[in-house]
Amino acid sequence: MPGVRADAADVTLERNVLTIRGRIDDAPPGGFSPIYRESEPGDFERVFTLSDEVDAGGIEAQTKDGVFRLFLPKAGPAQTKRIQVKAS
């Protein structure tokens, strides 16, 4: 996400739908104007549907030097839960 600062990025997860939103600001240093731009200023959004194989509680996002990294850890194997049968 070139041009997106960490405070201008938003990642949400709701019902296995992961949404990534960001805003690219156009703020060249004082006295300079861009000759070439790889991306235009403005808002963007990407939406992904995740499978149940992703551990939703372990999702992490970070940005460093203009590189956005999203970590989607695999969920562990299904655990067997024993349910006690009560007599009435």
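With the cut-off at under 20 Å, measuring from each backbone N in the stretch 16-42 to a point 7 Å along the Cα-to-Cβ line of residue 70 picks out 16-25, 39-40, 42. If I take R0 = 30 Å and measure r between the Cβ atoms of residue 80 and residue 19 in this structure, what FRET efficiency does the formula 1/(1 + (r/R0)^6) give, to the nearest 0.05? The value I calculate is 0.35.
When the chymotrypsin sites (Phe, Trp or Tyr not before Pro) in the stretch 1-70 are filtered for DSSP coil states and for at most 14 other beta-carbon atoms within 10 Å of their beta-carbon, the remaining sites are 32, 36. Here the extension length gained between residue 62 and residue 47 equals 3.6 nm, from 0.36 nm per residue of separation less the Cα-Cα distance.
In the distance distribution for the chain, Cα-Cα pairs more than 19 Å apart total 56 percent. In order along the stretch 19-28, phi translates into HN-Hα couplings of 10, 10, 10, x, 9, 9, 8, 9, 9, x Hz, rounded to whole numbers, per the Karplus curve 6.51 cos²θ - 1.76 cosθ + 1.60 with θ = phi - 60° and x for Gly and Pro.
Determine the relative contact order of the chain: mean sequence separation of Cα pairs under 8 Å and six or more apart, normalised by residue count, in whole percent. Relative contact order here is 27 percent.
Read-outs throughout are calculated quantities, based only on the coordinates presented, and are distinct from any laboratory measurement. Quantities reported herein were computed from a predicted structural model and do not represent experimental measurements. With ideal geometry, Cβ positions are generated from the backbone for all residues, glycine too; neighbour counts draw on all protein chains shown.
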